[in-house]
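To start, the structure under review is shown below, and the notes come after it.
The values are calculated or read from the model by the stated rules, or taken from the named source; none is laboratory data. This structure is a prediction, so every number in the text was calculated from the model and none was measured. Note: ideal-geometry Cβ built from the backbone for every residue, glycine included; neighbour counts use all protein chains shown.
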Amino acid sequence: MCIFCKIISGEIPSAKVYEDDFCVAFMDIGPVNKGHVLVVPKKHAETFVDLSEEEAGELFKRVNRIAKAVKKALDADGLNIINNVGAASGQEVFHVHVHIIPRFENDGMKFGWRKLQYVGDEIKEYAETIKSAIEG
């Protein structure tokens, strides 16, 4: 049983901020900023892409509701809402979860990435490759 399943079952204590039949939200014990919340579906799935479209929609309904509360309660200047899929992206706990991180002017935290450039028709080729893989 993964650590989040143990939190969901009550085997490991947590500081919960929200719970319903579908998910639970609790404080991250290693926060980027104080007030950092994790939103976790109760059903175990390793990553976001393992969820059905319906489950993903239900998860993000809760993320939206909880993000609004975090921003309001902490008078945050902004939020980072992050989901990592797989180890290559930085996922450390393999139970899908969404980070809601309150952000404040001059909090010293920087998220960023390098910016590559497409060459020639590469952008269209990538678009076509992805388009052909979309189901439905």
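Pick out the one residue from G35, G57 that is buried (at least 16 other Cβ atoms within 10 Å of the Cβ) and at pLDDT 95 or above.
Testing whether each residue is buried (at least 16 other Cβ atoms within 10 Å of the Cβ) and at pLDDT 95 or above leaves just G35.
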Inset, instruction - Would you mind stating whether S52 is surrounded by fewer than 14 Cβ atoms within 10 Å (Cβ to Cβ), modelled with pLDDT of 95 or more and either over 13 Å from the mean Cα position of the chain (by Cα) or of a type outside the set (V, I, T) (or both)? - result: yes
Inset, instruction - Residue by residue through region 66-86, note down the ones that are under 14 Å from the mean Cα position of the chain (by Cα) and exposed (fewer than 14 other Cβ atoms within 10 Å of the Cβ). - result: G86
Inset, instruction - Considering only region 121-136, state which residues are in a loop (DSSP other than H, G, I, E, B) and among the acidic types (D, E). - result: D121, E135
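Among the strands (runs of 3 or more DSSP E) contained in region 6-80, which hold 2 or more residues that are without any contact (Cβ under 8 Å) to a residue 40 or more places away in the chain and not hydroxyl-bearing (S, T, Y)? Step through it out loud before you land on a result.
Numbers: elements: 16-19, 23-27, 37-41.
Ranges flagged: 16-19, 23-27.
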Legend entry - Scan of region 108-120 for residues that are exposed (fewer than 10 other Cβ atoms within 10 Å of the Cβ) and either assigned to a helix (DSSP H, G or I) or not small (G, A, S) (or both), ordered by number: K110, F111, W113, R114, K115, L116, Q117, V119
Inset, instruction - For region 63-75, indicate whether the set of residues that are touching an Asp or Glu at 6+ places or on another chain (Cβ under 6 Å), modelled with pLDDT of 95 or more and either of a type outside the set (G, A, S) or within 15 Å of F4 (Cβ to Cβ) (or both) is non-empty. - result: no
Legend entry - Filtered residues of region 4-18 (kept if exposed (fewer than 15 other Cβ atoms within 10 Å of the Cβ), touching a helix residue (DSSP H, G or I) at 6+ places or on another chain (Cβ under 9 Å) and closer than 30 Å to D77 by Cβ): K16, Y18
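For region 87-107, which residues satisfy the criterion of being among the charged types (D, E, K, R) and either surrounded by 12 or more Cβ atoms within 10 Å (Cβ to Cβ) or without any contact (Cβ under 8 Å) to a residue 24 or more places away in the chain (or both)?
Result: E92, R103, D107.
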